[in-house]
Structures are given as structure tokens and as C-alpha cells.
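A short worksheet on the structure shown next.
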Amino acid sequence: MYSPKSLKAEEFISNEEILASLDYAEKNKSNIELINSILDKANEMKGLSHREALVLLACDIDEKNEEIYKLANDIKQKYYGNRIVTFAPLYLSNYCVNGCVYCPYHYKNKHIPRKKMTQEEIEKEVIALQDLGHKRLALETGEDPVNNPIEYILESIKTIYNIKHKNGAIRRVNVNIAATTVENYKKLHDAGIGTYILFQETYNKESYEQLHPTGPKHNYDYHTEAMDRAMQGGIDDVGLGVLFGLENYKYEFTGLLMHAEHLEAVYGVGPHTISVPRIRPADDIDPNSFINAIDDNIFTKIVACIRIAVPYTGMIVSTRESQETREKVLKLGVSQISGGSKTSVGGYANPSEEAEESAQFDVTDRRSLDDVMNWLMELGYVPSFCTACYRAGRVGADFMKICKKQQIHNFCHPNAILTLKEYLEDYASEKTKKTGEKLIQTEVENIENPTIKEKTKEYLKEIENGKRDFKF
Ligand code: SF4
């Protein structure tokens, strides 16, 4: 029985409800009256139900699809303005006991070099990331209770927050580790993590069990209920995602939105972020063997429809995607991207071929962070290293209250300007510095609130004089 408020995976992600929604959307994909009424509701920018959003995803009327794309961009602007938050993944260890068939870290892969960083190595890796200009990281590890126990993760977080090197600082550590217990989530919360991210991979239980044939991850219910345990453990912000390509994309899209509805229904706080990874080639993984792989047209439509359905969420696209695709989805609601990423263990401090061999997937956008910064600015965005909300306690329900009133951009915009300025002072190439200074001059004048505008100008001068870490 479908029940968004239930704490049981198979009730809040109901297979019957998904199948009924797929049928409804298929029957109504050309129903212009219904599509118009859904678009009217979507124009209020308060979100849509999974069924309504699925009809838009299925919609085959070109002119209506254009409206969908435009609306997705408008919603992103209204909620988050023109800032794009930038981060990098940090792989601590690729030891893993699971048997996931789409990931080269699966335990049966005997030829991938296994590596787990020591605290000294983590320090070097983080200094290399700081020297690129990063302030926000997403920690990644395989699941391995012996090699990567929770104590190792906690110690690593402590190491990362404590590193003092020139003007660098990692100010927010998001964590993407395997589903765990309420007790361990409490420990992660106490360690001061930002968002806890866990990809569902697929919402289809049968496929899930086939794709995860062995290891603790095989347990669909335990994995699907992880966000509930995280919330019960006091984690304020959680990030959802599926690996598109594993199952029928419409099925995944519906499951993802139902998961968001469930979190809203039970905790009053939907997903802080939604990621949209697509399956990529890797060590012993050939994406062509996955018959559900999706092309760019479907991918961009999914991004636009998620933005419309869950307007408040941060939407993340990684360097799995090419520059070209990233450019397309930036115009459809994406609000966070990674840049200059390495998906290998130790790949930042030691970018050798050997390190690359331990990578989780092939990176498509291989540009440096500086190139990515330049590119974003040339497209009219303000790249941001902001981490202010979580450090100011604007998290969970408090964050959502501001965000849903479409007020968060009043913080995001000046904070993006200030963190961009830090980047220009400390890390940028001459070319990026020139583009950035020009952009800052224009963007400061766009700040609507006169007090914040004056304060921002004051802080910018202080940054030029060597001070750091101003925020609203
Ligand atoms: S102000 Fe908050 S929401 Fe905006 S970029 Fe900074 S941390 Fe993110």
C-alpha cells in the first residue's frame, strides 16, 4: 500500500504507485489540457507531485517542452539566482565489500589497485585541493567495515577540518558513504558534516537486488530507509540521487520524487540536494552493456522536470558529464557542479597514471578548476565557494523556510561574490582574475538590499587587505 508517511521502504516507494503513475503519464503525454493545467501549477513555483511531474517528463508536445525548459531556468533563478556552487569529491579509500555490477570497486575486481589513504596522505591531498581553491568537499569511500570503519571516516573529517595551509580552508565536508546505523549518523552529525549524500542507484527493488548481488548493500530496504535513519540521527540535510542508466528512467524519476515527498511528509524537510549521475565507463565497466542508458535529450528533460517538481532543492551535476552537457543543464536548473575533479584515491596530490587506475569512473570534463571558473563566468554565472548556511546554522527546516520563500538568493549572491573574490586573490590565473574582477563590479551593483551592498563592498576591500572568510 502506498503511504508517503510510512517508514517502510516498500510503502513510501510503492512499486504499484510507480507503475500506475507510468501508465497515467503514458496515457496523458499528449493531453494538452492536462499538461496546461500542470504547467499553470508549476508556474506558481511551489513544486509538483510525482504524477504531475511525470506527465511533463512524458509530454511529447514540442512547444510545451520548450515551456518546461524555460520554466526550469526561471525557477532556478528565482530560488538561487545566478550563482553556481562549486565543490570537489575526495576519495579516501576504494576498498569495498559489495558486489555492485556497475562500479569497478566491487570486491570481485581483483586487478584494480586498492588504496586507502593514511591521515598524512589525506592531509597532502586536502592541501592540494586547497591550493586549487576548493572550500567544499564531498567525501567518498567504498563500504568496508574493516578497512573503512566509521572511526576512520570520523578521524579523516577531523583531519580535514583542522588543516591550516596558507589562506586555504575546507569549510564544509559533505559525506557520501554507505547506508549505516542511526548511531553512526549521530557521530557524523557530531563531527560537523554538511550534507549526507547517498544515491539510491535504482528504486526498482527487483533490479536493485540483481545489481547488488552480494554484500550489505544487497538489502534494498536498509538502503532505501537510510535517509530516515540519518534524519533520526540528527543529520539536518540529506542528498538524494539515482544512477540513471540502471533502470527505466521514468521509473527512477518517479521513485526519486516519491522519496522527496516522503522526506517532506515525515520530517517536513525535503532533500537538500538531488544529484543526477549517469552511468559511465570505468575499469571493468562498459556502459553499453546497460540497456537503459539515456541520451542527452532525455537527460536534460529529466533535469528540467526535477527542477520544476522540487524547486527548493540544490541540483548537482558532476564531471561525469561533458562540458557541452553541463552547459545545457546549467540552463535547466542545475545549481551546483564539481570542478577539477579526480575520482581516484590520492589523485590530487599525486596525479599519476597509477593513481588514475584506482578511479571510480572516467571523468569526462577534465578541465582545471580555473578553466571551469572562467567558463562559468563567461556564461554569466557567479561561481561560488560559499559554505555560509551550514556554518551559520541555516540548515534543515530553517534553511527550507528561507529557501521556500525564495529568499535564499539574498544570501547566496553576496556570499558568491565574496568567495569568488577570495579565489581571485589567492588562486586564479591572470585571465580568470581579469574576468572575475569585472564580473564582481557588475554583480555588486546588482545587490538589491542597500545595507548588504555596502557591507559587501566593505568586505571586498578587507579581502584585498588579506582578511578572509566573510559571510552573510
Ligand atoms: S548562502 Fe547558503 S544556500 Fe546560498 S550558496 Fe551559501 S551555503 Fe549555499
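Each reported figure results from applying straightforward, stated rules to the coordinates on display, with no laboratory input. All of these numbers come straight from a predicted model, not from anything done at the bench. Glycine also receives a Cβ, built like all others from the backbone with ideal geometry; neighbour counts cover every protein chain displayed.
Which one, 260, 88, 387, is farthest towards the positive end of the dipole of the chain when Lys and Arg carry +1 and Asp and Glu -1 on their Cβ?
Of the options given, the answer is 387.
Quote the charge dipole size of the chain about the Cα centre in Debye, to the nearest 20; the model charges only the Cβ of Lys and Arg (+1) and of Asp and Glu (-1).
Using only the charged Cβ atoms, the result is roughly 1440 debye.
Show me, bin by bin at 5 Å from 0, the whole-percent P(r) of the range 218-307 based on Cα pairs.
Spelled out per bin, shortest first, that is 3, 12, 22, 21, 17, 14, 8, 3, 0.
Set the bar at 24 Å for Cα to Cα. Now go through 8/217; 41/78; 328/453; 76/301; 166/186 and name every pair that lies beyond it. Mind showing how you got there, number by number?
Details: 8/217 17 Å; 41/78 16 Å; 328/453 31 Å; 76/301 15 Å; 166/186 32 Å.
Where the Cα-Cα span goes over 24 Å, the pairs concerned are 328/453; 166/186.
Cross-link list 70/434; 135/433; 5/46: which exceed 24 angstrom alpha carbon to alpha carbon?
70/434
Just how far, in whole angstrom, is the range 139-154 from the range 436-469 if you go by their alpha carbon centroids?
So the two Cα centres are separated by 41 Å.
With a cut-off of 18 Å, note down the residues of the range 200-221 whose backbone N falls inside the zone around a label point 7 Å from the Cα of residue 19 toward its beta carbon.
Once the point is set 7 Å along Cα→Cβ of residue 19, 203-210 turn out to lie under 18 Å by backbone N, inside the range 200-221.
For the chain, just run the numbers: alpha carbon Rg, then divide by 2.2 N^0.38 Å, N being how many residues it has.
Output field value: 0.93.
Counting only C-alpha contacts under 8 Å and six or more residues apart, can you give the relative contact order of the range 407-464 as a whole percent?
43 percent
What ranking do 200-209, 433-442 get when scored by the average of other Cβ atoms within 10 Å per residue, highest first?
Ranked from most to least packed, the peptides come out as 200-209, 433-442.
Long-range amide H contacts for residue 139: which residues qualify at under 5 Å (H placed 1.01 Å from N, peptide plane, sequence gap of 5 or more or a different chain)?
90, 174, 175, 176
Just to check I understand the Karplus step: with θ = phi - 60° and J = 6.51 cos²θ - 1.76 cosθ + 1.60, what whole-Hz values come out for the range 414-426, glycine and proline as x?
These are the phi-based 3J(HN,Hα) values: x, 5, 5, 4, 5, 6, 5, 4, 4, 4, 5, 5, 9 Hz.
Report the full-extension gain for the segment residue 34 to residue 49: residue separation times 0.36 nm, less the Cα-Cα distance, to one decimal in nm.
Result: 4.0 nm gained on full extension.
Is the shape of the range 407-464 best called rounded, prolate or oblate, per the rule: a/c under 1.5 gives rounded, else a/b larger than b/c gives prolate, else oblate, with a ≥ b ≥ c the square roots of the Cα gyration tensor eigenvalues?
prolate
Within the range 93-108, which residues have the backbone N less than 17 Å from the label spot 7 Å out from residue 292 along Cα→beta-carbon, could you tell me?
From the range 93-108, the list is 100-103.
With +1 on the Cβ of every Lys and Arg and -1 on the Cβ of every Asp and Glu, and nothing else charged, how large is the dipole of the range 407-464 about its Cα centre, in debye rounded to the nearest 20?
Value, rounded to 20: 140 debye.
For the range 118-189, with the dipole built from +1 on Lys and Arg beta-carbon atoms and -1 on Asp and Glu ones, taken about the Cα centre, which of 149, 122, 137 lies farthest toward the positive end?
Checking the options against the dipole of the range 118-189, the answer is 137.
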